[in-house]
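The block underneath contains the structure these notes are about, expressed in structure tokens.
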Amino acid sequence: MDQLTTTPFGQRPVTAALLQRASAAQGPAEIPHCDKWQLFRALCTARQRFNLSDRDLTVLNALLSFHKGTSLSDNANLVVFPSNRALGERAHGMAESTLRRHLAVLVRSGLICRHDSPNGKRYAARDRDGEIIRAFGFSLRPLLQHARQITDTAIEVQADAARLKQLGTDVTLLNRDATKLAEYGVEAGISGPWQVLQDELAEISRHKRRKLGYDLLSELGDKLRALLHRIRHYLFKADDMSGSDNETERHYQSSHKDSYESELVIETEVSGTDSTSVSSALSEEPTALEPNCRQPNLPLGLVLKACPDVLPYASHPVQHWHELVGLMASVRGYMGISPDAWADAQRVMGAEVAAITVAAILQRVDDIRSPGGYLRSLTNKSAAGGFSPGPMVMALLSPAKQA
């Protein structure tokens, strides 16, 4: 439908911006057909990029509701002509003065344009068959012309929001790890500047209460990583330097022999497998474990504090990593974890990390339908570089889990 006039009715002046918008409205639409409600939802997502408020979108939603059909088509009549009273009713009872203000914003943004009649009224002229031959009101054609830009901008906004959410999650996890490890250092009496570190963490937590942008969150993440590195340095330095086995746990390079002897005990006494299958498993496991003997990134005392359910299975206090590995090699049989699943976990994760993982599973065994299947799933994630037992242990230390 041709637009005959570009000048406004009444006292509204002709401006360069008005002429520019009128000229742009005569251009071709890059997308000839578009679902109006999908386009509207995309605009809601990207509204801040177009400097639109939620009330502006409320008025645009009301205008779209007066357009018949669900699609905006370049070859159809895209002029809607509701009265201010009818438009206000569909805009949830918006006052007429407020309505005019938001209509002006939509016009200035270039998403709609005015097509004023000779007397300023909004109406449509029809032929004998009732078809509209000319309409005066608000044209939705500019919205169709901006369809690709709106859609692309909405995709960018969603991607930015996803990145921001992921970064926020990372910062929260880093803050949780740093806070709980610092608390553990104080409780365990490990030498270190814990008050200084906790003061720095408190300052970071105060910043986290505000809604931060991507750059500020990235900065907080870098600070937390540096703090976490310092905290772990003091914790593991205490493990390495302490000469007392009764007070702290040493970082132990795993001895496969101890693990396999414990595995032999559970296989012969509990699992009931024959000696041939056991000796076969023993002969296969050492070569599988050698390529990937990862060391845990957590103090042994912290693991035992988070997983106290392993302690009743131990005949004596667990003070070394190889003792935890041997203990979990026995306990995993009671949990229904097969020798193959345990061997795969040790091969992929390393013996100590696999033991931590099984201990964490034991702590939540009532909530896990298949511990063996869950361990295999975590093993596959670890093989892809997507698993660390740290978050599991830290989650078990939360008050809700301990209760």
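Just so you know, all these numbers are worked out from the coordinates, no wet-lab data involved. Just so it is clear, the structure is predicted and the values come from calculations on it, not from any experiment. Neighbour counts run over all protein chains shown; Cβ positions are idealised from the backbone, glycine included.
Table for the structure above
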read-out	value
Distance in nm between pseudo-label sites at Tyr334 and Asp152 (7 Å out along the Cβ direction from Cα)	6.3 nm
Contour excess over end-to-end distance, with Cα ends at Gln166 and Ser71 and 0.36 nm allotted per residue	30.7 nm
Residues Leu217, Leu378, sorted so that the one with the fewest Cβ neighbours within 10 Å comes first	Leu217, Leu378
For region 16-145: rounded, prolate or oblate by the Cα gyration tensor [a/c cutoff 1.5]	rounded
Förster radius 25 Å - calculated FRET efficiency between Ile133 and Arg101 (Cβ-Cβ, nearest 0.05)	0.20
Three-way shape call for region 159-241 based on the alpha-carbon gyration tensor, with the a/c threshold at 1.5	prolate
Label-point gap, in nm, between Ser205 and Ala188 - each point 7 angstrom along Cα→Cβ	2.0 nm
Gained length - Lys121 relative to His316, 0.36 nm times residue gap less alpha-carbon distance	61.0 nm
